[in-house]
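These notes concern the structure reproduced below.
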Amino acid sequence: MKKSVLKKYAYLIAKVGANVQKGQYVELTVDVNQEVLADYIVEACYKLGARMVKVRWTSDKVEKTTYKKAKLDALCEFPEYEKARQEYLNEKLPCMIYIESSDPDALNGVDVAKYTEVRRSNMKIIKPYRNLRENKYQWIIAGAASPAWAKKVFPGVPTKKAVNMLWDAILKTSRCDDDPIKAWDEHNKDLKKRFEYLNSLNLDYLHYESKNGTNFKVWMNPLCNWLGGGETGQDSGIYYNPNIPSEEVFTSPLAGKAEGIVFSTKPLSFQGQLIEHFSIRFENGKVVEVHAEKGQESLEEMVHMDEGAAMLGECALVPFESPINETGLLFYNTLYDENAVCHLALGHGFTNLIKGYEKYTQEELFKMGVNDSNLHVDFMIGSRDLNITGYTKDGKKVAIFKNGTWAF
Ligand code: ZN
């Protein structure tokens, strides 16, 4: 990848993504295979006035070895210095920049139950800390092409070429063109028009129908807004873009009120395992049945991770002809695949969607019908023939999606 292009991308991440302000702390989490990009991002953050940028290096290989070799109780230990770090994050509220470049198969061979247990145990300790900083700090997830990931997306293509092809796809779908700042400004304006219209409808529930068998109703939370693109930090008022790319307009539905069955339209990569051709059936808002042609065990682990893992935290609308779907690629990575077509997410909902959320604690917000869980997993249900009909509180029927795309 050309230096100048990579620098432009790094600046897009720091400026439009995190929107780093003068004097702010930044934490960058990035794989050891992305040293050049990491350096450019660090440089861009300082250019924007960051006080200090700390890098947390990750490695697929080391993570896999650790999960295979270390004992479960050792992996679940949570040392005091990690608690101190959580307190530090709550005090300084650094911008969190995450660069994803993992091999989708990175954790193949790792015991799924063991991995899930470690996450569950660690999250139990981290969650109360995280609740205190939720919505208050800027964060951004963006991607970077690594050889292992590129080989997965482009099997049979020589490694170097595959990496370049993946970079091209990442930059294109991230709107990293001649003037990415302007492109993102326009894109955010378009998303805003759509979510404002949805907010004006006063929707009671949505009905999804597709020839693949999807026939599903989900009820809206009357206290929740629809949102898309950038978000504004609580207290700071700083506008940032948590996902690059982002094509979705989304809301958190009412926890515990959904009926019917949804069929996946793309494979789901969960904790390094692929789940394919699956369906999820809901009764009284909860998952009661799952079927997967591949990855049944992972899917079951997922929906049983905790109480909220069996309920929905997100409904997202993405037209079938999105730039990501138009690449025709399966990225095996949620950041990209979730922005390809319409999706739902099991688990954690977004408390900042509650109108006037600043006035409440996280616990209060969850009591208002936003689903609470340590899990948040998006799965794709959008298809060329997906129709979504909205039913408003005052009994009107409104076409939301027709043949896989916006009906308004
Ligand atoms: Zn989403």
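Below, the figures for the structure above:
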| read-out | value |
| --- | --- |
| FRET efficiency estimate (nearest 0.05) - Cβ-Cβ, Lys2 to Gln271, R0 30 angstrom | 0.30 |
| Between the range 191-206 and the range 33-80, the Cα center-to-center distance that results, in Å | 39 Å |
| Cross-link reach list, lysines versus Lys211, counting only Cα pairs under 22 Å and skipping chain neighbours closer than eight places | Lys266, Lys294, Lys397, Lys402 |
| Gained length - Glu300 relative to Val157, 0.36 nm times residue gap less alpha-carbon distance | 48.1 nm |
| Tensor-based shape of the chain (alpha-carbon gyration tensor, a/c under 1.5 rounded, otherwise prolate or oblate) | rounded |
| Length released on extending from Leu132 to Trp57, taking residue separation times 0.36 nm less the Cα-Cα span | 24.5 nm |
| Pair Lys355, Leu330: separation of 7 Å Cα→Cβ label points (nm) | 4.2 nm |
| Calculated over the range 267-404: convex hull of Cα atoms, volume per residue (Å³) | 136 Å³ |
| Proximal lysines to Lys7, defined as alpha-carbon separation beneath 22 angstrom and excluding residues fewer than eight positions away on the same chain | Lys15, Lys22, Lys47, Lys54, Lys160, Lys161, Lys172, Lys182 |
| Computed over the chain: relative contact order in percent, which uses C-alpha pairs under 8 Å that are six or more apart | 14 percent |
| Percent of beta bridges antiparallel (DSSP, the chain, rounded to nearest 5) | 75 percent |
| Integer Hz, Karplus 6.51/-1.76/1.60 couplings in order for the range 178-194, x for Gly and Pro | 4, 10, x, 5, 5, 4, 6, 4, 5, 4, 4, 5, 5, 4, 5, 4, 5 |
| Note, ³J(HN,Hα) from phi for the range 367-381, Karplus 6.51, -1.76, 1.60, rounded to Hz, x at Gly and Pro | 5, 8, x, 8, 5, 10, 6, 7, 9, 8, 10, 8, 9, 8, 10 |
| Tail weight of P(r) past 14 Å, computed on alpha-carbon pairs of the range 173-243, percent | 72 percent |
| From phi via Karplus (6.51, -1.76, 1.60), per-residue ³J(HN,Hα) for the range 203-215 in Hz, x at Gly/Pro | 6, 8, 8, 10, 10, 9, 9, 8, 4, 5, x, 4, 8 |
| Compactness of the range 284-336 as Cα Rg over 2.2 N^0.38 Å, two decimals | 1.43 |
| Shape box of the range 1-150 [Cα atoms, principal axes, largest first, Å] | 44, 37, 21 |
| Size descriptor, Kirkwood hydrodynamic radius, that averages inverse alpha-carbon separations across the range 108-160, Å | 14.9 Å |
| Helix-only CD estimate at 222 nm, as mean residue ellipticity for the chain, using -39500 (n - 2.57) per DSSP H run (n ≥ 4) | -10000 deg cm²/dmol |
| Relative contact order (percent, whole number), the range 3-173, Cα cutoff 8 Å, 6+ residue spacing | 25 percent |
| The range 199-406: relative contact order as a whole-number percent, Cα under 8 Å and 6+ apart | 24 percent |
| Cβ-based exposure ranking for Ser264, Ser246, in which fewest neighbours within 10 Å come first | Ser264, Ser246 |
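Computed from the coordinates by the stated procedures, all read-outs in this text should not be read as laboratory data. Since the structure is predicted, the reported quantities are computational estimates derived from the model, not experimental observations. With ideal geometry, Cβ positions are generated from the backbone for all residues, glycine too; neighbour counts draw on all protein chains shown.
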